[in-house]
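What follows is a short report on a single structure.
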């Protein structure tokens with residue numbers, strides 16, 4: 001008989017609060033000690049992926065389906081805020097929210113018919129829709145009077161250091177912003193996991209009819225999760241634009257990015273709270289380092305790493321690396337402080 | 001007027017090759033209910049195999065199939081045996097088994113990246129005696145290599161059909177696809193059949209690679225386009241249906257060919273995606289309603 | 001006043017008539033059994049009552065309201081609960097969590113849901129196993145869990161689909177007393193059963209379904225000796241033999 005080690009328990013973080021606190025404080029304090037721009041670019045990348053994967057996790061983890069076209073929503077966010085900024089001078093802070101709302105609406109419209117599809121069909125549909133959107137954007141020069149330049153993309157007018165325009169010269173601002181965004185989506189995921197919606201989502205994702213007989217409107221729950229997920233993903237797209245000042249369809253609505261988000265979340269542990277973040281923390285640095293030191297030929301090598309790790313995880317730990325890591329953590333604590341009780345707390 | 005006819009014919013010819021790739025995919029799905037995201041990568045591997053075989057021996061790819069196709073079969077067999085089977089087993093009771101999907105996705109990424117590292121990014125082509133040669137059918141000009149590809153596809157489809165319907169292994173494969181548990185009860189070794197079916201699917205891709213090389217090029221990313229097309233075709237034709245795959249392929253080929261006359265390549269792509277999504281939502285069992293051809 | 005009423009309900013699947021013109025009434029507080037040979041349409045009737053299928057003709061009334069077109073989750077909210085013949089637990093989750101999903105039908109917070117779930121697990125004898133994964137339970141415990149989940153939604157009417165199937169005699173007896181306990185709480189029960197001893201022991205009234213049509217209904221004693229019941233299950237020869 002197996003004790004529960006499933007997602008229910010993995011959501012518990014009480015026992016590790018002190019660890020989280022240390023990490024958060026360290027992250028907040030880093031800019032005081034470190035000046036290297038490259039370092040912060042690196043950290044921003046990790047946090048950005050962690051943010052995107054955590055947003056994805058609401059649908060891909062909790063709702064139990066496999067969306068492989070989520071980058072499209074980042075694209076919607078990026079394009080919306082940029083177009084509004086260029087044509088109306090609307091501050092990207094507001095544009096971000098507008099983009100998020102638009103993405104949420106699109107997400108629900110797409111989700112309604114797509115959630116009826118079975119596993120692999122659903123995945124294929126999300127790919128097709130994402131690619132379809134990309135293709136449309138590549139071929140249109142103007143949408144309703146707004147210039148978007150098709151495949152050449154949009155260049156953001158540079159304003160130097162201009163907080164109101166969401167542009168900064170010092171990367172550390174971006175670092176704090178993405179850190180804050182990650183904290184927000186993390187807390188939201190935490191709250192959802194412990195709420196009726198969270199229980200209903202995971203139930204409906206696992207066993208639809210059984211859940212419906214218990215009062216779960218599975219379709220509605222999935223759509224709610226989709227709306228929240230796409231809203232935040234879109235905001236991540238805006239952030240990206242404000243950081244790099246340039247987007248083009250193949251760059252932001254890319255299948256590569258969609259797949260990466262999914263892989264990282266899955267490798268870390270989809271459906272868990274920390275899984276996607278852990279996945280990002282492990283994989284993004286590894287990929288960047290591989291690319292910097294070994295990659296002579298394009299992106300070749302870091303992708304081999306992703307592919308190999310993904311296969312290995314699917315073969316040996318399909319539920320993700322969270323479980324083994326937690327076990328390792330418990331082992332570590334036992335070694336260092338044998339008196340500490342790390343027995344299972346209540347199940348939430 | 002003959003522009004349109006030639007366009008359609010070329011579309012049909014190219015569509016047959018798409019259909020060929022899709023046949024392998026639909027076979028694998030029909031039997032194992034596995035979506036093989038790495039399918040395009042196998043095609044890429046087949047094309048490189050054909051390329052290097054040509055470089056080494058100077059033999060025509062069609063003759064080279066004697067070597068390349070069994071090679072691809074073995075490749076597919078072992079990938080399934082070593083990688084897919086264990087993951088498949090773990091997942092057997094899970095409602096929406098995505099681990100295999102993710103595994104094949106990982107395989108796709110890995111293979112493409114590995115090929116890039118191994119073969120480099122240059123486009124590789126081969127020069128057969130008939131490269132660039134054309135046939136004239138009345139007013140219509142048709143490339144010889146595409147025509148050969150078309151013939152091969154037709155022959156292969158017939159052979160495949162006969163294989164599945166008449167031979168013992170073929171019947172075992174179909175039985176497994178229809179009802180895995182019943183097949184097991186009949187004494188069929190399911191695991192072995194899965195290995196064989198997968199290998200066969202990849203062998204078909206091996207043929208596709210061979211017929212493509214005379215008029216196409218090999219490159220680490222060449223599989224991607226074919227991969228997506230293959231999925232679209234498989235859904236159009238009905239997952240598991242061999243004739244559906246061929247017909248679906250022809251449709252896509254024609255749409256692509258005709259579309260290219262009037263709009264940019266990316267718009268044509270967009271149309272194909274639109275068709276795909278519509279079929280997924282409106283008629284997921286496929287346009288033709290072929291019951292899985294078992 | 002009747003709690004559940006079916007009037008002229010019919011349903012066919014692709015030309016096959018699964019349920020034909022069914023009239024059925026169940027009053028609050030009853031225990032009614034639904035019997036019939038395999039393929040008679042019993043599970044379809046449950047599916048129609050609880051909204052997994054919609055009737056082609058006829059109507060379903062629950063608690064005075066017409067509920068023919070409502071979805072399962074709406075009906076659950078209105079007080080209908082159901083167990084499935086092939087149990088549908090959330091396998092990778094704990095027993096407690098399974099029950100909590102049901103409890104959320106009536107409460108809003110996880111604390112409250114946990115409380116209700118614990119009560120229900122206690123009632124069904126699963127409290128000691130609350131942290132085990134649902135998929136690791138024995139078949140008897142899975143059936144209990146199926147009951148617990150449904151009970152957590154605080155139903156007025158509980159549809160039990162072959163809840164005794166696959167149990168040995170001891171387990172069957174345990175479930176029978178559990179079902180009685182549930183009835184004692186004031187919950188109306190409608191059971192599909194093949195295990196005759198259970199049907200006869202529990203039901204106040206029994207309905208026989210065959211080829212989708214109601215053949216006869218009556219008390220267990222009446223049904224036991226009714227020729228039509230014997231004919232439905234065993235065929236004509238046995239009727240003659242008994243006579």
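Coordinate-derived values only; no laboratory data. Worth saying up front: this structure is predicted, and the values here are computed from it rather than measured. In this analysis, Cβ positions are derived from the backbone assuming ideal geometry, glycine residues included, and neighbour counts consider all displayed protein chains.
Expressed in nm², what is the orientationally averaged projection area of the convex hull enclosing the Cα positions of region C:94-157? Spell out each step's value before the answer.
Numbers: hull surface 15.4 nm².
Reported value for the Cα convex hull: 3.9 nm².
Note down the nm distance, to one decimal, between modelled labels 7 Å out along Cα→Cβ at residue A:91 and at residue B:178.
6.9 nm
Once you compute Rg and the Kirkwood Rh from C-alpha atoms, what is the Rg to Rh ratio for region C:37-147?
For region C:37-147, the value is 1.03.
Could you work out, residue by residue across B:267-274, how many beta carbons of other chains sit within 10 Å of that residue's beta carbon, and then give the average as an integer?
5
Taking N as the number of residues in region A:46-166, what value does Rg over Cα atoms divided by 2.2 N^0.38 Å take?
Cα-based Rg divided by the globular estimate yields 1.16.
How much of the pair distance distribution for chain B lies past 25 Å, counting alpha-carbon pairs only, in percent?
For chain B, the fraction of Cα-Cα distances above 25 Å is 47 percent.
What fraction, in whole percent, of alpha-carbon pairs in region A:246-307 exceed 14 Å separation?
61 percent
Go ahead and estimate [θ] at 222 nm for chain A from helices alone: -39,500 (n - 2.57) per DSSP H run with n ≥ 4, summed, over the residue count, rounded to 500.
Value at 222 nm, helices only, nearest 500: -23000 deg cm²/dmol.
What is the spread of the Cα atoms of chain C along each of their three principal axes, largest first, in whole Å?
Extents along the principal axes: 58, 40, 35 Å.
Extent of region B:106-173 along each principal axis, from alpha carbon coordinates, in Å, largest to smallest?
48, 44, 18
Quick one: pull the percentage of alpha-carbon pairs in region B:48-153 with a separation above 23 Å.
Summing the P(r) of region B:48-153 above 23 Å gives 51 percent of all pairs.
Can you give me the Kirkwood hydrodynamic radius for region C:138-201, using every pair of distinct Cα atoms, in Å to one decimal?
Working: mean 1/r = 0.0844 Å⁻¹.
One decimal place: 11.8 Å for the Kirkwood radius.
Over all directions, how big on average is the projection of the convex hull of the alpha-carbon atoms in region B:147-242, in square nanometres?
Mean shadow area of the hull around the Cα atoms is 7.1 nm².
In deg cm²/dmol, rounded to 500, what helix-only [θ] at 222 nm does chain B give when every DSSP H run of at least 4 residues adds -39500 (n - 2.57) and the total is split over its residues?
On the way: 12 runs with 214 residues, N = 294.
Helix-only estimate at 222 nm: -24500 deg cm²/dmol.
Partner chain Cβ atoms within 10 Å, averaged over the residues of A:135-144 - can you pull that number for me?
Counting other chains' Cβ atoms within 10 Å and averaging over A:135-144 gives 3.
Considering chain A as a Gaussian network with a 10 Å cut-off on Cα pairs, which listed residue, A:186, A:33, A:239, attains the greatest mean-square fluctuation?
Among A:186, A:33, A:239, the largest GNM mean-square fluctuation belongs to A:33.
Taking just the alpha carbons, could you work out the radius of gyration and Dmax for region A:23-116, both in angstroms?
Considering region A:23-116 through its Cα atoms, Rg and Dmax are 16.7, 51 Å.
For chain A, with equal point scatterers placed on the C-alpha atoms only and solvent neglected, what are the log10 I(q)/I(0) values from the Debye formula at q = 0.08, 0.10 1/Å, to two decimals?
-0.39, -0.62
From the helices alone, meaning DSSP H stretches of at least four residues, give me the mean residue ellipticity at 222 nm for chain C, per-run term -39500 (n - 2.57), in deg cm²/dmol to the nearest 500. Spell out each step's value before the answer.
Values: 10 runs with 96 residues, N = 243.
Estimated from H runs of four or more residues: -11500 deg cm²/dmol.
Once the convex hull of the C-alpha atoms of the protein assembly as shown is built, how many Å³ does it hold per residue, rounded to a whole number?
Each residue corresponds to 204 Å³ of Cα convex hull volume.
Give the Rg (one decimal place) followed by the Dmax (whole number) of region B:89-204, computed from C-alpha coordinates and expressed in Å.
Cα radius of gyration and Dmax of region B:89-204 are 20.6, 58 Å respectively.
Where is the GNM fluctuation largest for chain A (alpha-carbon springs, 10 angstrom cutoff): A:80, A:26, A:189?
Looking only at A:80, A:26, A:189, the largest GNM fluctuation is found for A:26.
Using Cβ counts within 10 Å as a stand-in for footprinting exposure, how do C:200, B:44, A:181, B:59 rank, fewest first? Before the final figure, lay out the partial values.
On the way: C:200 17, B:44 27, A:181 21, B:59 14.
Listed from fewest to most nearby Cβ atoms, that is B:59, C:200, A:181, B:44.
Restricting things to Cα coordinates, could you compute the convex hull volume per residue of region B:195-274 in Å³?
So the per-residue Cα hull volume is 108 Å³.
DSSP beta bridges in the protein assembly as shown, what fraction antiparallel, as a percent rounded to 5?
Among the beta bridges of the protein assembly as shown, antiparallel pairing accounts for roughly 65 percent.
Over the C-alpha atoms of region B:190-232, what are the Rg and the largest Cα-to-Cα span, Dmax, in Å?
Final numbers for Rg and Dmax: 12.7, 39 Å.
Would you mind giving the three semi-axes, in whole Å and largest first, of the ellipsoid equivalent to region C:1-80 according to its Cα gyration tensor?
20, 15, 11
How long are the semi-axes of the equivalent ellipsoid of region A:60-107, taking √(5λ) for every eigenvalue λ of the Cα gyration tensor, in whole Å from largest down?
The equivalent ellipsoid of region A:60-107 has semi-axes of 26, 9, 7 Å.
Tell me, C:124, C:170, B:26 in order of fewest to most beta-carbon neighbours within 10 Å?
Neighbour counts put them in this order, fewest first: C:170, C:124, B:26.
Which whole-angstrom value gives the distance between the alpha carbon centres of region C:192-231 and region C:1-68?
A separation of 16 Å, based on Cα centres.
I'd like to know how region B:1-71 sits against the 2.2 N^0.38 Å rule of thumb: what's its Cα Rg over that expected value? Walk me through the numbers on the way to the answer.
Details: Rg = 15.6 Å, N = 71, 2.2 N^0.38 = 11.1 Å.
Compactness ratio reported: 1.40.
If you average 1/r over all unlike Cα pairs in region C:134-243 and invert the result, what Kirkwood radius do you get in angstrom?
Taking the inverse mean of 1/r over all distinct Cα pairs, region C:134-243 comes out at 15.4 Å.
Order of A:52, C:4, A:315, B:185 from fewest to most other C-beta atoms within 10 Å?
Exposure proxy ranking, most exposed first: B:185, A:315, C:4, A:52.
Given the options B:13, B:159, B:200, which has the most mean-square fluctuation in a GNM of chain B, springs set between C-alpha atoms less than 10 angstrom apart?
B:159
Based on the Kirkwood radius over alpha-carbon pairs, what is the Stokes-Einstein translational diffusion coefficient of region A:188-301 at 10 °C with 1.306 mPa s viscosity, in µm²/s?
Estimated via Stokes-Einstein, D reaches 96 µm²/s.
Given a Förster radius of 60 Å and the C-beta distance between residue A:36 and residue B:255 as r, what FRET efficiency does 1/(1 + (r/R0)^6) yield to the nearest 0.05?
Details: r = 52 Å, r/R0 = 0.87.
Working from the Cβ atoms, E equals 0.70.
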